[in-house]
Amino acid sequence: MRKLMIAGNWKMNKTYTEGVVLAQGLADALKDVEVKVDVVVCPPTVDLKGVSEVIDQTSAPFALGAQNVYFEESGAFTGETAPSMLESVGATYCVIGHSERRGYFGETDEDINKKAKALMAHNIVPISCCGEPLEVREAGKHVEFVVDQIKKDTEGLEITDPSKYVIAYEPIWAIGTGKTATADDAQEVCGAIRETLAEIFGQETADSIRVLYGGSAKPGNIAELVAKPDVDGALVGGASLKAEDFSQMVIKAGE
């Protein structure tokens, strides 16, 4: 049985102080709640230590994730962050392959594959993103497009504990646009992702890997999304920047 996950991607929002305030607000909002799903918050890199301290001091029911990583251990890679650095501030998850990283910064499936391997070597769970642009969706090639991404992103991965690898399906046309794939749209692609994982890793492993949906997920649609058999939660953007909205998503997903 896969445990649902709600992960918040803060993107390039919140200063160090604002991040601490948001994390504290989320901890307060969930303090008296029986949290039935795994919860992850992914602040900007400079906020990681502050949010980590909030989690430690309040015993908050959420884990810490980063938004990016580099696949080398150390060296002359100005501006990058190594897996060991994330590990040292308490990050146990890391988003990789987000469409904004692919689109704005030219990241490839090969890069994402290397990042997944580097993270897993440090026992950090990758949240590996995939998803199609609007023109691919309109051409009816969206399943084929995403399946190809999954095959490249997972090439050579060894998954001994399926709970330590997460996929997030985010149709690019639905990210930050207010447009949301219907629950049936999400199920179609998430189901195809699971079928592909079964081909690669076997059915038992595929049945245990969580596949999240992302793209304008919010309190009003989370229950419908997670009711689908192959949608195991959400990677949340804008709604994760408000403690009230994000906590409501956590609660509703667990109902």
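The values are calculated or read from the model by the stated rules, or taken from the named source; none is laboratory data. None of the values given here were measured: they were computed from a predicted structure. For neighbour counting, all protein chains shown are included, and Cβ atoms are generated from backbone atoms with ideal geometry for every residue, glycine included. With ligands, DNA and RNA removed, areas are computed over all heavy atoms of the protein, side chains included. Shrake-Rupley method; radii C 1.70, N 1.55, O 1.52, S 1.80 Å.
Remarks
- Additional length obtainable on full extension of the chain from Thr108 to Glu53, 0.36 nm per residue less Cα span: 16.5 nm
- Compactness relative to 2.2 N^0.38 Å, alpha carbon Rg of the chain: 0.93
- Over the C-alpha trace of region 121-255, radius of gyration and Dmax come out as 14.5, 40 angstrom.
- Residues whose placed amide H lies under 5 Å from that of Ala66, excluding near-sequence neighbours: Tyr93, Cys94, Val95
- Structure remark: mean-square fluctuation, Gaussian network model of the chain, C-alpha springs under 10 Å; the largest value among Gln57, Gln203, Gln187 belongs to Gln57.
- Length available on full extension from Thr182 to Lys242: 0.36 nm per residue minus the Cα-Cα distance, which gives 19.3 nm.
- Charge tally in the Cβ shell below 12 Å around Glu132, where Lys, Arg are +1 and Asp, Glu are -1, Glu132 excluded: -4
- Here Lys114 is the anchor, and the lysines within straight C-alpha reach of less than 20 Å, apart from those fewer than 8 places off in the same chain, are Lys151, Lys152, Lys164.
- Peptides 243-249, 144-150, 126-132 ordered by average Cβ neighbours within 10 Å, highest first: 126-132, 243-249, 144-150
- Computed about its Cα centre, the charge dipole of region 1-79 is approximately 260 debye, with only Lys, Arg, Asp and Glu carrying charge at their Cβ.
- Between Ala121 and Glu204, the distance separating the two model label sites (each 7 Å from Cα on the Cα→Cβ line) works out to 2.8 nm.
- For the chain, the per residue solvent-accessible surface stands at 45 Å², with DNA, RNA and ligands left out and a 1.4 Å probe.
- Stretchable slack from Phe77 to Thr160, in nm (0.36 nm times residue separation minus alpha-carbon distance): 26.8 nm
- Placing unit charges on the Cβ atoms only, positive for Lys and Arg and negative for Asp and Glu, gives region 136-255 a dipole magnitude near 420 debye about its Cα centre.
- Loop-resident chymotrypsin sites (Phe, Trp or Tyr not before Pro) (DSSP state other than H, G, I, E or B) in region 38-87 with no more than 15 further Cβ atoms inside 10 Å of their Cβ: Phe77.
- Taking each DSSP H run with n ≥ 4 as -39500 (n - 2.57) and averaging over every residue of the chain yields -12500 deg cm²/dmol at 222 nm.
- Heavy-atom accessible area order for Asp56, Asp32, largest first, 1.4 Å probe: Asp32, Asp56
- Residue with peak Gaussian network fluctuation, the chain [Cα springs, cutoff 10 Å], from Thr81, Thr15, Thr196: Thr15
- Calculated log₁₀ intensity ratio I(q)/I(0) where the Debye formula runs over C-alpha points of region 1-71, q = 0.12, 0.14, 0.18, 0.24 Å⁻¹: -0.30, -0.41, -0.66, -1.08
- Lys, Arg +1 and Asp, Glu -1 on Cβ, resulting dipole of region 22-181 about Cα centre, debye, nearest 20: 180 debye
- With coordinates expressed along the principal axes, the C-alpha atoms belonging to region 1-122 extend over 43, 37, 26 Å, beginning with the largest.
- GNM flexibility winner over the chain from His142, His98, His122 (Cα, springs under 10 Å): His122
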